[in-house]
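For reference, the structure discussed in these notes is given below.
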Amino acid sequence: MARAIVLRQLSMAPRSRVQLERKLRQRGCDDDVAGRVLDRMTEVGLVDDEAYAEMLVRARHSERGLARRALAHELRKQGIDQEVADEALSQVGAGDERVRAEQLVEKRMRGLHGLAPEVQTRRLAGLLARKGYSSEVAWPVIREAVDAAPEHQRD
């Protein structure tokens with residue numbers, strides 16, 4: 001039964017070992033049985049927290065624009081070991097974060113056209129904060145975008 005549950009979960013989407021343990025516990029599987037099944041699945045490569053963490057970091061950074069801080073939180077939530085998480089997070093450098101923040105701000109600025117600079121700044125700051133960007137990354141990007149907006153240019 002535990003094996004079938006794990007295989008069904010993995011067929012839907014990649015999962016971390018902790019996620020699978022939680023699911024087995026939720027379904028009433030004995031902890032010893034769950035441990036043996038997950039050990040075997042790890043041996044054959046079906047459960048691989050390192051690959052899962054790398055995939056999660058890559059996908060969430062490129063698709064949703066999450067910063068390292070938000071990605072670290074996501075990995076902790078998924079039960080990924082700190083060392084494994086640190087290794088996966090090393091894929092995202094400070095330069096990558098800045099570039100992604102600039103892309104997010106540029107995209108959002110299109111919808112903020114015509115608003116006061118303070119409103120634009122506040123909304124952009126909220127966007128980047130929700131995505132986990134530090135103020136050291138966010139504020140320079142926001143200032144540049146708001147200053148460069150055509151409606152704020154002097155004639």
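The values are calculated or read from the model by the stated rules, or taken from the named source; none is laboratory data. Computed from a predicted structure; not experimentally measured. Don't worry about glycine lacking a Cβ; one is built from the backbone with ideal geometry, like all the others, and counts go over all protein chains shown. Note: accessible area is taken over every heavy atom of the protein model, side chains too, but ligands, DNA and RNA are not part of it. Shrake-Rupley method; radii C 1.70, N 1.55, O 1.52, S 1.80 Å.
Structure values in brief
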quantity	calculated
From R76, R15, R60, residue being under 30 Å from A101 (Cα atoms), free of Cβ contacts under 8 Å to residues at least 40 places away in the same chain and assigned to a loop (DSSP other than H, G, I, E, B)	R15
Conditions (1) open to solvent by 50 Å² or more (accessible area, probe 1.4 Å); (2) under 16 Å from the mean Cα position of the chain (by Cα): number failed by G28	(2)
Candidates D147, D49, filtered to the one that is open to solvent by less than 70 Å² (accessible area, probe 1.4 Å), of a type outside the set (A, V, I, L, M, F, W, C) and without any contact (Cβ under 8 Å) to a residue 40 or more places away in the chain	D49
Residue identified as at pLDDT below 95, closer than 30 Å to L20 by Cα, assigned to a helix (DSSP H, G or I) and of a type outside the set (G, A, S) among E136, E118, E87	E87
Residue under evaluation R110, criteria (1) in a loop (DSSP other than H, G, I, E, B); (2) surrounded by fewer than 12 Cβ atoms within 10 Å (Cβ to Cβ), criterion not met	(1)
